[in-house]
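What follows is a short report on a single structure.
The values are calculated or read from the model by the stated rules, or taken from the named source; none is laboratory data. Quantities reported herein were computed from a predicted structural model and do not represent experimental measurements. Surface areas here come from the heavy atoms of the whole protein model, side chains and all, with no ligands, DNA or RNA. Shrake-Rupley method; radii C 1.70, N 1.55, O 1.52, S 1.80 Å.
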Amino acid sequence: MSAYTPSNSKESSDMAAPLVAGLCVAVTALAGRYGIQAWQAFKARPPTARMRKFYEGGFQQTMTRREAALILGVRESTALEKVKEAHRRVMIANHPDAGGSHYMASKINEAKDMMLGKTKNSGSAF
């Protein structure tokens, strides 16, 4: 009688295919579960500002340096060139010829004058 010896060609590959398929299904299920948990955690996080926060609220009776910096979106200690760049950027977005308000344009100009040290005693034109 001869002893039984499994042939490595067909029998072992027939047994490995379901094992590999089962492992693939398990890995896919775990990855899906992790993805769903990550998505739910992402949705549950508190909202954060994606852009810089802009100045909210009305204007003060006489403009202060802090208010001028908030209007232009710069710090109070910003260099003069940066103030001029910020004024240009904000004015392009709010120019009356492009649909902006004359009042806002005057406040933006007043903010630039305040930051550059060219303050007026009268305040805004409006």
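How big is the accessible area of Val25 in square angstrom, nearest 10, if you roll a 1.4 angstrom probe over the protein chains?
For Val25, solvent-accessible area is about 100 Å².
Taking a probe of 1.4 angstrom, what is the accessible area of Glu85 in Å², to the nearest 10?
Here the residue's solvent-accessible area equals roughly 100 Å².
With all protein chains present and a 1.4 Å probe, how do Ile36, Ile71 order by accessible area, largest first?
Order by accessible area, largest first: Ile36, Ile71.
Starting from the residue with the highest accessible area, list His87, His95 in decreasing order, probe 1.4 Å.
Output order, biggest surface exposure first: His95, His87.
Under 5 Å between amide hydrogens, which residues at least 5 positions from Gly100 or on another chain qualify, with H placed 1.01 Å from N in the peptide plane?
Answer set, sorted by chain and number: His95.
In whole angstrom, note down how far apart the Cα centers of segment 94-119 and segment 74-92 are.
Answer, in whole Å: 12.
How big is the accessible area of Arg88 in square angstrom, nearest 10, if you roll a 1.4 angstrom probe over the protein chains?
150 Å²
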